[in-house]
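Down below is the structure, laid out as structure tokens.
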Amino acid sequence: MAPLLASVVGALAQVGEFDKPTIDWHAFAPEVVLVGGAVLLIALDAVMLDKARRFTSALAGIVLLAPIIPIVTLAIDGDDRSMFGGAFVVDRYALIVKAIFLLSGYVVVLLSTNYIAEGDYWESEYYGMLVSSILGMVVMASARDLITIFVALELLSIPAYMLATWRKRDVKSNEAGLKYYLMGVFASAIMLYGMSLVFGASGSTLLTAINTALSAGESSSVVTLGIAFVVIGFAFKVSAFPFHSWAPDTYEGAPTPVAAFLAVASKAAGFIALMNLIVVGFIGREDVFQPLMWVLAAGSMTAGNVMALRQNNIVRLMAYSGIAQAGFMLAPLAVAGESAALADRSVSAILFYLVVYAAMNLGAFGVIIAVARKTRTAELESYDGLFHYAPTLSVLMTVFLASLAGIPPLGGWYGKFSVFTSLTEAGTTAAYVLAVIAAVNAVIAFGYYGRLALRMWVEEPYLGDKAPIRVPVALVAALVITTGCTIAFGVYPGWVTHFTDVSLIAIGN
């Protein structure tokens, strides 16, 4: 026994001799603020019980806006910061992505305020899980290591599974959460297996080291299979065809603000992780990831638009629309490996699209929530004659639909223009074919966006009811923010491109 105790004591003594990682608390401040906010929400829920309902929503909004302060100070400072051996990087790219997540989360809080308060479930749990999920997204923005990416992905996903099944006594909500959970776990398993193969081939979990090892080494089936599994895993997360089947049912069954959250913030996190992996880790293996991206982009655009044409439920329509929009955002990655300049162009195009997509999609869901407060249904026929009794909501929804369709001068048009520019600059046959497919699908999308607009402006009011819709203040604020951004980003895209024109590939140099 004595020798065993001596060996244990010696081992513990040696642990203290290792260098402790240096933590830059300024760079880590956004994450620290979110952790503190999540703990505060949980503590108030436990201590004040029902009294916390009166200010939980406002507190959640403050918690999500507070990290913007260190993000601004870090942006003013301008220095790139790296921690944990390069696994956590804070640079211009990471800062703009963190800001997208936080502001999108704040708008979701505005969408949720009355929806959750008027329900019969505990509020504080909802906002605690929402903040926790956004914390995972903020960590994902700086993740440059396979382990960090996976931990961030699970941190954002697990609360989202529970949010999808928030209406505990609703069969559809339970079904939505269960489908989302099962498909999410399945995708995580595939992705984790792919990561293990990549680690085995490269000998490192750090993306820059993986890039060096894979670029210098010979092509092998292990590397090909590893990259393919990682890409497929994230294809589930961004609801790309043919890994999209969970999205329509989950969006329909989940609370509408949660559907908006999954459609925007959660999907954006998947795209950020995918860009980090491809542009920093796999950029030398374009022979593997570019064909996968091409197939996923073309399939998502086409299948999403075609299936959206047949929908009679507006939430399911938005789900299939999101699948089609995911195809547009995947398209630049199909040419990202052609050159370093094109990789930067692809990253910038996707970032701009994510910013605009967040604004116009959250705005559309805001109108859906407002209309459902009166009609209590999400069927397309409930939008018949909306202009007769809610002209402002009709105009706003038309703006969001036109932006999603890519009509100038709204933000969506410049997002699609950026995608087409990145494809045509590649100059390859595959890129031109994908650009043609994207153009055709942009026209197809007019079919279901236009049909919904036609219902609002031309048809007679739903069930002959012309009573006006009362929109809560929080929902009005969300619609004002999203409408302003959708219009401004199209008229003055330079406001966004000034921040989104970044070089992610430079991290690996």
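Some points to look at:
- Ser266, Ser300 arranged by Cβ crowding within 10 Å, fewest neighbours leading: Ser266, Ser300
- Of (1) 1.20; (2) 1.03; (3) 0.98, the label for Cα Rg over 2.2 N^0.38 Å derived from the coordinates: (3)
- Rounded Å value of the spacing that divides the Cα centres of the stretch 362-423 and the stretch 266-299: 29
- Here the contact order of the stretch 304-383, divided by its residue count and restricted to Cα pairs under 8 Å and six or more residues apart, works out to 30 percent.
- Mean Kyte hydropathy of 1.0 or more with a Cα span along the axis of at least 18 Å, helices from DSSP in the chain: 2-15, 29-48, 92-117, 146-164, 221-237, 314-330, 340-375, 391-405, 429-458, 473-491
- Per-residue [θ]222 nm for the chain (sum of -39500 (n - 2.57) over DSSP H runs n ≥ 4, rounded to 500): -24000 deg cm²/dmol
- Dipole magnitude of the stretch 23-508 about its Cα centre (Cβ charges: Lys, Arg +1; Asp, Glu -1), debye to nearest 20: 880
- Farthest towards the positive end of the charge dipole of the stretch 23-508, among the residues Phe241, Phe282, Phe150, is the Cα of Phe241, using unit charges on the Cβ of Lys, Arg, Asp and Glu.
- Percent RCO, i.e. relative contact order, over the stretch 402-509, from Cα pairs under 8 Å lying at least 6 residues apart: 39
- Out-of-range pairs (alpha-carbon distance over 18 Å; input Lys179/Lys237; Lys374/Lys466; Lys98/Lys179): Lys98/Lys179
- Relative contact order of the stretch 23-508, pairs being alpha-carbon contacts under 8 Å that are 6 or more residues apart, as %: 15
Taken together, the values in this text are just the output of simple stated rules run on the coordinates, not laboratory data. Remember, it's a predicted structure, so these values are computed and weren't measured experimentally. For neighbour counting, all protein chains shown are included, and Cβ atoms are generated from backbone atoms with ideal geometry for every residue, glycine included.
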